[in-house]
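Structure first, commentary second.
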Amino acid sequence: MPKLLIVDDETDVREFAASFFRKRKIDVITASSGEEALGIVKQQKSDLVLLDIRMTGIDGIETLKRIKELDKNAKVIMITGRKPEEEASFDRCRELGAIDYIHKPLELDELEKMVLKELLNN
């Protein structure tokens with residue numbers, strides 16, 4: 001069963017996405033912070049990480065950088081509340097190895113397509 005790690009400091013976003021993917025027979029792990037996500041990544045391999053850019057504590061960009069240091073092959077999709085053209089941070093995420101990004105509020109059809117494409121290409 002594919003394993004998905006969802007990292008977002010907003011409980012409702014995290015649980016909403018987790019519940020959505022569990023219904024699709026995907027093993028979901030959630031983390032409420034970058035620190036928690038790094039602890040999970042050190043202990044177990046996920047097939048894909050959904051990672052919020054703006055979080056308290058270490059932000060998504062720093063978390064992405066550290067995930068890639070732990071596992072250079074990790075597949076990470078960034079979640080952002082802003083449009084990438086308004087924010088240079090997505091360019092930075094691409095440089096660090098993020099494979100894609102999705103906007104909040106999460107469009108489930110788009111999110112499902114993106115996640116399943118990555119999980120099925122494992």
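One residue alone among Ile58, Ile67, Ile26 is free of Cβ contacts under 8 Å to residues at least 40 places away in the same chain, surrounded by 15 or more Cβ atoms within 10 Å (Cβ to Cβ) and over 13 Å from the mean Cα position of the chain (by Cα), and that residue is Ile58. In a residue-by-residue description of the range 6-23, the property of being closer than 15 Å to Arg94 by Cα, under 11 Å from the mean Cα position of the chain (by Cα), buried (at least 18 other Cβ atoms within 10 Å of the Cβ) and modelled with pLDDT of 95 or more applies to no position. Would you please name the residue that is farthest from Leu38 (Cα to Cα), looking only at residues in the range 70-95 that are among the hydrophobic types (A, V, I, L, M, F, W, C) and surrounded by fewer than 17 Cβ atoms within 10 Å (Cβ to Cβ)? Filtering the range 70-95 for residues that are among the hydrophobic types (A, V, I, L, M, F, W, C) and surrounded by fewer than 17 Cβ atoms within 10 Å (Cβ to Cβ), the one farthest from Leu38 (Cα to Cα) comes out as Ala88. Restricting attention to the range 39-55, the residues that are surrounded by fewer than 19 Cβ atoms within 10 Å (Cβ to Cβ) and assigned to a helix (DSSP H, G or I) total 4. With the condition kept exactly as written, say whether any residue in the range 110-117 is under 15 Å from Ile6 (Cβ atoms), part of a loop (DSSP other than H, G, I, E, B) and touching a strand residue (DSSP E or B) at 6+ places or on another chain (Cβ under 9 Å). No, the conditions are met nowhere in the range 110-117.
The values are calculated or read from the model by the stated rules, or taken from the named source; none is laboratory data. Worth saying up front: this structure is predicted, and the values here are computed from it rather than measured. We place every Cβ from the backbone using ideal geometry, glycine too, and count neighbours over all the protein chains shown.
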